[in-house]
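Enquirer: One structure, pasted below without further comment.
The values are calculated or read from the model by the stated rules, or taken from the named source; none is laboratory data. This is a predicted model, so every value here is computed, not measured. Note: ideal-geometry Cβ built from the backbone for every residue, glycine included; neighbour counts use all protein chains shown. Accessible surface is based on the protein model in full, side chains and every heavy atom, while ligands, DNA and RNA are left aside. Shrake-Rupley method; radii C 1.70, N 1.55, O 1.52, S 1.80 Å.
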Amino acid sequence: MTYNELPLFYVFHFYFFGIVAIASAIAFVTRKSPVAAALWLVNTMFCLAAMYVLLDAQFIGAMQVLVYAGAIMVVFLFVIMLLNLGHASDLADARGMTWKLVAGFLGLALLAQVFAITRARVPEALVLPENALATQFVRTGAIAPLAGPLFNEYLLAFEVTSVLLLAAVVGAVVLGKRRERTRAH
Amino acid sequence: MLLQHAADAVQAGAGAHPLSGTAAEYLWLVPLLPLLGFVLNGLLSLVSAYRVGPADPGADHDAAHGGGHAVATTHGHATDSGGGAHGDDHHPVVRHRFATLTSIIGPGVLALSFFLAVAIFAAMRGVGGGVHAPFIQSYFAWMPVGDLRINAAFQLDQLSMLMMLIITGVGTLIHIFSVGYMQDDPGYPRYFAYLNLFVFFMLMLVLGANYPVLFVGWEGVGLCSYLLIGFWFSEKANADAGKKAFIVNRIGDFGLLIAMFMLFANLGTLDFVGIAAAAPSQLVFGGALVTAICLFMFLGCAGKSAQIPLYVWLPDAMAGPTPVSALIHAATMVTAGVYLVARSNFLFSLAPAAELTVVLVGALTAIFAATIGLKQWDIKKVLAYSTVSQLGYMFVGVGSGAYVAGVFHLMTHAFFKALLFLGSGSVIFAMHRAYHHTGNHDDAQDMRNMGGLKQYMRTTWILMWIATLAIAGVPFFSGFFSKDEILGGVFLRASEHSTLAQAHWLGIPGTAILYLSYALGLAAAFMTAVYMTRMMLYTFHGPNRTGERERGHLAEAPWTMTGPLVILGVLSAVGGWFNLPALIPLGPVGVLEHWLEPVVGEGALRVTNGAPIEATHSVEYALIGAAVVIAIAGIALAFARLKPDRLVPKAQSPEEHGFERVLANKYYVDEAYDKAVVQPVVATSRGLLWRGVDVGLIDGLTRLIVQSKDDDAAPGTTVPMGGLAARAVGWVGSQVQSGQVGTYAWVLVVGVLFVLGAFTFR
Amino acid sequence: MLTESLFFSAVLFTIGVIGVLTRRNAIIIFMCVELMLNAVNLTFVAFAQVYGVAGQVFVFFVMTVAAAEAAVGLAIIIALFRHRQTVNLSNINLLKG
């Protein structure tokens, strides 16, 4: 799909949200205050949700807003405030300039290699016809085509995930419980 | 997705096969039933592991007195069949508490397997126009790696069908025999668990649709053989025999693995069907590559089927229970090598030099083992060397391109050798029981201690004679037809018409090798007749040498043991009818040959340059006549020269001398191997690896470190280099191990960069 | 839009990695991991547009695992804070044997 055929409106929004996401992410890793960092991350996630919608993944976009930005990040903020970590001055948490430079260099190297790897040819036989997903969604709605494979092909994985969630809940409760003093027998 | 697609394609392909929808669809159940038996018997064995054996007779005793009716009956039965175990000075005989259940499961699953195999056989016979392509059932993709596509698949064709019938049929009989033979053994369920597992692996070996699946079965039967040889592992000799079998077989398996690697590297597939299709066009006829593949494969066969130079484990394998010797070390497992050569006929027929090697090794083994068999006193050792010798015959057959003859001898041998082993088991059982009653500790397997047993065990005597006549090649018994066909096959292929005769082996013309093998085969046949008659004469004829008190306790075995013997006796007598030669049309001629045609026909024709071998009647009569004369002469010579009357029990018999002594000591091959292989390895391990590397180098370094620590007290002394280096390495290691999560994250990212770099700059 | 998506995704992922390497606050590092997961989700969604809906299904599983991870991870951080009164990883070296 060449984006020359795509409306400028679409391309503009895609780039807009992508650039805002990256800018927010940079802000996120550079903010000293954990609360500010978390809020910038939420912003990144909103942008990503918008990109999902642009990429024909409307349902995933909604999930992104509800689950990631709405639930997971709220829990993060909750913990930050619970532990009273909101004051940036308390923490000398970023490493020194040397380390930052080395980390930046490593990051660039990683980026270069990831780009190099994307040169790999993909088997043409697997590629769907253009706009196949979008036309399918128009016909059946955005949820049914996802639910089909989820509850048929990937049913085992789905069930295993539910067990994983249960284990996580139990684990979180056990870990978070205040350890009682050893009683006399 | 891709895998599913492949599986669908396979199924679509199978859908066109005439066998789909018939009983053959249940092919997987045939090996699965013995596996089920293994699991059940194994569980019974594990459950009872803490209270088996003579150490705990009290529990059973109490239960019997407490009015437990079922237990009391079992107990009564045990003493009954044990012939009254009271009053002997040995441990009291206590039947295993799960013995009844095991006796039902163990042989039961095998019988079901056999019936299923018969049903599949009937389905195969029922296909109009015959089954020409193998019926392949693919269960799942086992190793889909890169270009390598290996499915866990079974292949049903005429050869695997025949092997399946032999394994389950003879296997069932031997299982039933075992019920009697092992009745008082404390490890009863364990025994049947191993035996069932063996049958499972053996079926996997013959049903596998590609070399890796075959190899799993190949290794599995080796494992079960090891477990069963060392079944009475509390005696060191038995455990050692198991280890010897296992280690010697590893040498052969190495060859088979190399052959598989070479096949995959050059043909890109390991499926039998794929290789059969690709081999003639992609491999050069008589080329170095296909010859090397076949020779490596034959190394595997020589290990599993006990050929020179790897035969040494089989005689020692007689340390296991006798039914095991019958099933594993005579009828089925040791013939796996023959099966493999017949199965790989599409490769061997392309490599005349490799085939000549097979023929020559087979012929040499046949004569070599037969000479040793002439002077053995242990009844099972005679049969063991006889088995080695007969396996040599089979290799002469399959090696010379007479695949049908080799497989035919495999089948008849399974009948008469199983009968001989079970018969000897019955004899040993009787001898052992007699000795057990009187507290005698003599060797119950030595023929010098037997003699005149025909008065006490008439059924066994008659049946053993049938088997002896069959193995000696007396006309109209099964062995006559199969042995004659092998000898005739190798003789006829020595003529100009075969690729073998035109080939050269180390500069020697193939014709000479084949004629030599024929002569060796005839000589071995003569000796076979002599040593088998000798065994019968010393065991069953002449005066009884067991001793006065023991004589009264000699008796025929129970029906569970004689029943299978009778069936095998019938098969040994009439087994030759399965493949009658055209000269002796007593019934339908060449049934087995027609049956195996779709599997081995192409390879056999390639060996004979495309035209079936036709011998003139005079030549054929001469060949048959020679074989008959040889057999009769051997038996007659044994009767004339051997005097069982003059034999004395083992304890009083004199030392052998001269060549007899060399034979009795098996040509000192074990001693030579010990000197040439075992002792150098042990010496190297001890002298170099232990004293040199371990004690000298590694411990030496540690000592240096300790010294340097001591030297710290005296400043100015030089610290030894070894200690410093060790300390430096240790310091670096301890710095890396900081406990800081951040550090670990850094190391992780650097590692990721390296891995990605490996992809990028590939 | 596959190429663009992959570009954005790679950049976001790298930012997450740099964050993990340079920060010492356990919670921030944790959030960096979440950012990396989101970057991967973006590639899944982008590939789903080309190769079929299975990619979107996979995003579900990633989200579920992320949720489980967040629950357990935050519980660990709370337990850790209770012990040491800090979430600064340079003060915590429990991994040292």
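Enquirer: Per 5 Å bin, what percent of the C-alpha pairs of segment B:160-248 does each bin hold, from zero upward?
Expert: Answer for segment B:160-248: a P(r) of 3, 14, 19, 22, 20, 13, 6, 2, 0 percent.
Enquirer: How much net charge surrounds B:Asn579 when only the other residues with a Cβ under 14 Å from the Cβ of B:Asn579 are counted, with Lys and Arg +1 and Asp and Glu -1? Could the numbers behind the result be given before it?
Expert: Values: positive: B:Lys483; negative: B:Asp484, B:Glu485, B:Glu593, B:Glu597.
Within the 14 Å Cβ shell, the charges total -3.
Enquirer: Could you run the numbers on buried accessible area between A and B, total for both chains, 1.4 angstrom probe, in Å² to the nearest 100? Don't skip to the end; give the middle numbers.
Expert: Details: alone 15090 and 31990 Å², together 46130 Å².
Approximately 900 Å², summed over both chains.
Enquirer: Can you tell me which of A:Phe59, A:Phe158, A:Phe12 moves the most in a GNM of chain A? Springs connect C-alpha atoms under 10 Å apart.
Expert: Evaluated over chain A, the most mobile residue of the options is A:Phe158.
Enquirer: Be a star and scan segment B:740-762 for residues whose amide nitrogen sits under 19 Å from the point 7 Å along the Cα-to-Cβ vector of A:Ala109.
Expert: Output list for this probe position: B:742-762.
Enquirer: Here's a follow-up. Counting heavy atoms of the protein chains only and a 1.4 Å probe, report the per residue accessible area for segment B:460-523 as a whole number of Å². Spell out each step's value before the answer.
Expert: Details: 2150 Å² over 64 residues.
Per-residue accessible area for segment B:460-523 comes out at 34 Å².
Enquirer: Computed on protein heavy atoms with a 1.4 Å probe, what is the summed buried accessible area for the chain pair A and C, in Å² to the nearest 100?
Expert: It comes to approximately 6700 Å² buried between A and C.
Enquirer: Residues of chain C: accessible area per residue at 1.4 Å, in Å²?
Expert: Numbers: 3160 Å² over 97 residues.
Solvent-accessible surface per residue comes out at 33 Å².
Enquirer: For chain C, take the longest principal axis of its alpha carbons; what is the angle in degrees between that and the long axis of helix C:54-84, to the nearest 10 within 0 to 90?
Expert: 10
Enquirer: What number, rounded to the nearest 500 deg cm²/dmol, is the helix-based mean residue ellipticity at 222 nm of chain B, given -39500 (n - 2.57) per DSSP H run of at least four residues and division by all its residues? Please report the intermediate quantities before stating the final value.
Expert: Working: 32 runs with 499 residues, N = 762.
The helix-only estimate for chain B comes to -21500 deg cm²/dmol at 222 nm.
Enquirer: Could you order the peptides B:750-758, A:19-27, B:387-395, B:204-212 from most to least packed, using the average number of other C-beta atoms within 10 Å per residue?
Expert: Numbers: B:750-758: 12.4, A:19-27: 19.3, B:387-395: 29.2, B:204-212: 24.1.
Descending packing order for the listed peptides: B:387-395, B:204-212, A:19-27, B:750-758.
Enquirer: If you don't mind, another one. What net charge do the residues around B:Ser482 carry, taking every other residue with its C-beta under 14 Å from that of B:Ser482, with Lys and Arg at +1 and Asp and Glu at -1?
Expert: Details: positive: B:Lys417, B:Lys483; negative: B:Asp484, B:Glu485, B:Glu593.
So the surrounding residues net to -1.
Enquirer: Let me ask another. Using only the Cα atoms, what convex hull volume per residue in Å³ does segment A:1-70 have?
Expert: Details: hull volume 5.3 nm³, N = 70.
With only Cα atoms used, segment A:1-70 gives 76 Å³ per residue.
Enquirer: R0 = 60 Å: FRET efficiency of B:Leu101 with A:Asn84, Cβ-based, nearest 0.05? Can you show the working numbers first?
Expert: Working: r = 69 Å, r/R0 = 1.15.
Efficiency for this residue pair is about 0.30.
Enquirer: Could you list log10 I(q)/I(0) for segment A:132-185 at q = 0.20, 0.21 Å⁻¹, which the Debye formula gives when each Cα is one point scatterer?
Expert: Debye curve over Cα of segment A:132-185, log10 I(q)/I(0) at q = 0.20, 0.21 Å⁻¹: -0.81, -0.83.
Enquirer: If each of A:Val74 and A:Ile143 carries a label point 7 Å out from its Cα toward its Cβ, how far apart are those two points in nm?
Expert: Label at A:Val74, label at A:Ile143, 2.0 nm between them.
Enquirer: Right, next: Please compute the per residue accessible area over segment B:342-417 with all protein chains in place, 1.4 Å probe, rounded to a whole number of Å². Don't skip to the answer; put the middle values down first.
Expert: Working: 640 Å² over 76 residues.
On a per-residue basis, segment B:342-417 sits at 8 Å².
Enquirer: Ok, one more. Distances over 23 Å make up what percent of all Cα-Cα pairs in segment B:363-512? Don't skip to the answer; put the middle values down first.
Expert: On the way: 5102 of 11175 pairs.
Beyond 23 Å sits 46 percent of the P(r) for segment B:363-512.
Enquirer: Per residue of B:742-752, how many C-beta atoms from partner chains lie within 10 Å of its own C-beta, taken as a mean? Present the calculation step by step, with values, prior to reporting the outcome.
Expert: On the way: counts 12, 4, 1, 6, 6, 0, 3, 9, 2, 0, 4.
Partner-chain Cβ atoms within 10 Å, mean over residues of B:742-752: 4.
Enquirer: Looking only at other chains, what is the average number of their beta-carbon atoms within 10 angstrom of each beta-carbon in A:8-16?
Expert: Working: counts 0, 0, 1, 2, 0, 0, 4, 3, 0.
Across the residues of A:8-16, the mean count of other-chain Cβ atoms within 10 Å is 1.
Enquirer: Of the DSSP beta bridges with both residues in chain B, give the percent that are antiparallel, rounding to the nearest 5. Walk me through the intermediate numbers first.
Expert: On the way: 14 of 15 bridges.
The answer is about 95 percent antiparallel.
Enquirer: Please list the three semi-axes, largest first and in whole Å, of the ellipsoid equivalent to chain C, using sqrt of 5 times the eigenvalues of its alpha carbon gyration tensor.
Expert: Values: eigenvalues 204, 49, 13 Å².
Equivalent ellipsoid semi-axes, largest first: 32, 16, 8 Å.
Enquirer: Taking the dipole about the Cα centre of chain A, with the C-beta of Lys and Arg at +1 and of Asp and Glu at -1, give me whichever of A:Val160, A:Pro123, A:Ala144 is farthest to the positive side.
Expert: Selected residue: A:Val160.
Enquirer: Calculate what fraction, in whole %, of the accessible area of chain B sits on carbon and sulfur atoms when a 1.4 Å probe is rolled over the protein chains.
Expert: Accessible surface attributable to carbon and sulfur in chain B totals 68 percent.
Enquirer: Relative to the present Cα-Cα distance, how much length would full extension add between B:Val629 and B:Val693 at 0.36 nm per residue of separation?
Expert: Values: separation 64, 0.36 × 64 = 23.04 nm, distance 6.34 nm.
In short, 16.7 nm is gained.
Enquirer: Starting from 0.36 nm per residue, how many nanometres of slack lie between B:Val284 and B:Trp577 once their C-alpha separation is accounted for?
Expert: Working: separation 293, 0.36 × 293 = 105.48 nm, distance 3.90 nm.
Between B:Val284 and B:Trp577, full extension yields an extra 101.6 nm.
Enquirer: Roughly how many Å² of A:Arg95 are accessible to a 1.4 Å probe, to the nearest 10?
Expert: Solvent-accessible area, nearest 10 Å²: 40 Å².
Enquirer: Give the carbon-plus-sulfur fraction of the accessible surface of segment A:132-185 in %, rounded to a whole number; probe 1.4 Å, heavy atoms of protein chains only. Intermediate values should be presented prior to the final figure.
Expert: On the way: 2810 of 4260 Å².
Carbon plus sulfur share of accessible area: 66 percent.
Enquirer: Another one. Could you report the accessible area of C:Arg24 in Å², rounded to 10, computed with a 1.4 Å probe on the protein chains as they sit in the structure?
Expert: Result for C:Arg24: roughly 50 Å² accessible.
Enquirer: Not counting ligands, DNA or RNA, and with a 1.4 Å probe, what is B:Thr684's accessible surface area in Å² rounded to the nearest 10?
Expert: So the heavy atoms of B:Thr684 present about 70 Å² to solvent.
Enquirer: Over the Cα atoms of the protein assembly as shown, what Rg and Dmax result, in angstrom?
Expert: 37.9, 114
Enquirer: Summarise the partner chain shielding of C:36-48 as one whole number: the mean count of Cβ atoms from other chains within 10 Å of each residue's Cβ.
Expert: Details: counts 0, 2, 10, 4, 0, 8, 7, 1, 4, 11, 5, 2, 8.
Shielding by partners across C:36-48 averages 5.
Enquirer: Something else about it: Once you charge only the Cβ atoms, +1 for Lys and Arg and -1 for Asp and Glu, what is the size of the charge dipole of segment A:3-127 about its Cα centre, to the nearest 20 debye?
Expert: Numbers: 6 positive and 5 negative charges, 75 e Å.
It works out to roughly 360 debye.
Enquirer: Give me the mean projected area, in nm² to one decimal, of the convex hull enclosing the Cα positions of segment A:3-127.
Expert: Answer in nm², one decimal: 10.5.
Enquirer: Taking the convex hull of the alpha carbon atoms in chain B, what volume per residue do you get, in Å³? Display every interim value, and only then the final one.
Expert: Details: hull volume 195.2 nm³, N = 762.
Cα-based convex hull of chain B, divided per residue, equals 256 Å³.
Enquirer: Could I ask something else about it? Hey, rough spin-label estimate for B:Val570 and B:Val678, points 7 angstrom out along Cα→Cβ, what's it come to in nanometres?
Expert: Simple spin-label model gives 4.5 nm for this pair.
Enquirer: To the nearest 0.05, what FRET efficiency results for B:Ala519 and B:Ile584 with a Förster distance of 22 Å applied to their C-beta separation?
Expert: Details: r = 24 Å, r/R0 = 1.09.
According to the calculation, E is roughly 0.35.
Enquirer: Hey, another quick one. What length, rounded to one decimal in nm, is gained on full extension from B:His504 through to B:Asp645, with 0.36 nm per residue of separation minus their alpha-carbon distance? Before the final figure, lay out the partial values.
Expert: On the way: separation 141, 0.36 × 141 = 50.76 nm, distance 5.11 nm.
The B:His504-B:Asp645 span can extend by a further 45.7 nm.
Enquirer: So, by mean Cβ neighbours within 10 angstrom, what's the order for A:75-83, B:341-349, B:623-631 with the highest one leading? Can you show the working numbers first?
Expert: Values: A:75-83: 17.1, B:341-349: 26.0, B:623-631: 18.7.
The peptides rank, most packed first, as B:341-349, B:623-631, A:75-83.
Enquirer: Which of C:Ala46, C:Ala71, C:Ala26 moves the most in a Gaussian network model of chain C with Cα springs under 10 Å?
Expert: Looking only at C:Ala46, C:Ala71, C:Ala26, the biggest GNM fluctuation is shown by C:Ala71.
Enquirer: Quick check on the protein assembly as shown: of the DSSP beta bridges with both residues there, what percent are antiparallel, nearest 5%?
Expert: Numbers: 16 of 17 bridges.
Taking every DSSP beta bridge within the protein assembly as shown, about 95 percent pair in antiparallel fashion.
Enquirer: Then there is this: Cut-off under 26 Å on the C-alpha distance; same-chain residues fewer than 8 positions from A:Lys177 excluded. Which lysines are left, in chain and number order?
Expert: Output for A:Lys177: C:Lys96.
Enquirer: Using just the C-alpha positions of segment B:462-520 as equal point scatterers, what log10 of I(q)/I(0) does the Debye formula give at each q in 0.22, 0.25, 0.30 1/Å?
Expert: Reported log10 I(q)/I(0), two decimals: -0.78, -0.89, -1.08.
Enquirer: Can you give me the relative contact order of chain A as a percent, contacts being Cα pairs under 8 Å and 6 or more apart?
Expert: On the way: 92 pairs, mean separation 28.9, N = 185.
RCO, chain A: 16 percent.
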